[in-house]
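The values are calculated or read from the model by the stated rules, or taken from the named source; none is laboratory data. Everything numeric here is computed off the predicted structure, so don't read it as measured data. Because the Cβ atoms are built from the backbone with ideal geometry, glycine has one as well, and the counts that use them run over all protein chains shown.
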Amino acid sequence: MMEAMELPDLFDVSEEQPERLAHIVEHYAALLDVGNRDGYQVCAEFLRAVERVGYTFSYGLDGVPYGLRLL
């Protein structure tokens, strides 16, 4: 029986991010680093932005995104 191949978290392998996605990630990473906004709200905006280009990720109440992957 073949097991499903687990895809890498694109947050961990940024060199594999397409340029359009990388620009979005850089923008929102900077917003999260500054920390003067609610991280949970920033992640909600961030998620909408990456979904528009065909990707998704998860995040918790702590406002830390993880699991960036293709939709």
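Can you tell me which residue within segment 29-42, out of those that are surrounded by 12 or more Cβ atoms within 10 Å (Cβ to Cβ) and free of Cβ contacts under 8 Å to residues at least 24 places away in the same chain, is nearest to Gly63 (Cα to Cα)?
Per the criteria, the residue is Tyr40.
Looking only at residues in segment 43-70 that are among the hydroxyl-bearing types (Ser, Thr, Tyr) and under 14 Å from Leu21 (Cβ atoms), which one is surrounded by the most Cβ atoms within 10 Å (Cβ to Cβ)?
The selected residue is Tyr55.
If I filter segment 8-28 for residues that are on the phi < 0 side of the Ramachandran plot, in contact (Cβ under 8 Å) with a residue 40 or more places away in the chain and acidic (Asp, Glu), do I get at least one hit?
yes
So, of the residues in segment 5-58 that are of a type in the set (Asp, Glu) and outside any helix (DSSP H, G or I), which turns out to be modelled with the lowest pLDDT?
Among residues in segment 5-58 that are of a type in the set (Asp, Glu) and outside any helix (DSSP H, G or I), the one modelled with the lowest pLDDT is Glu6.
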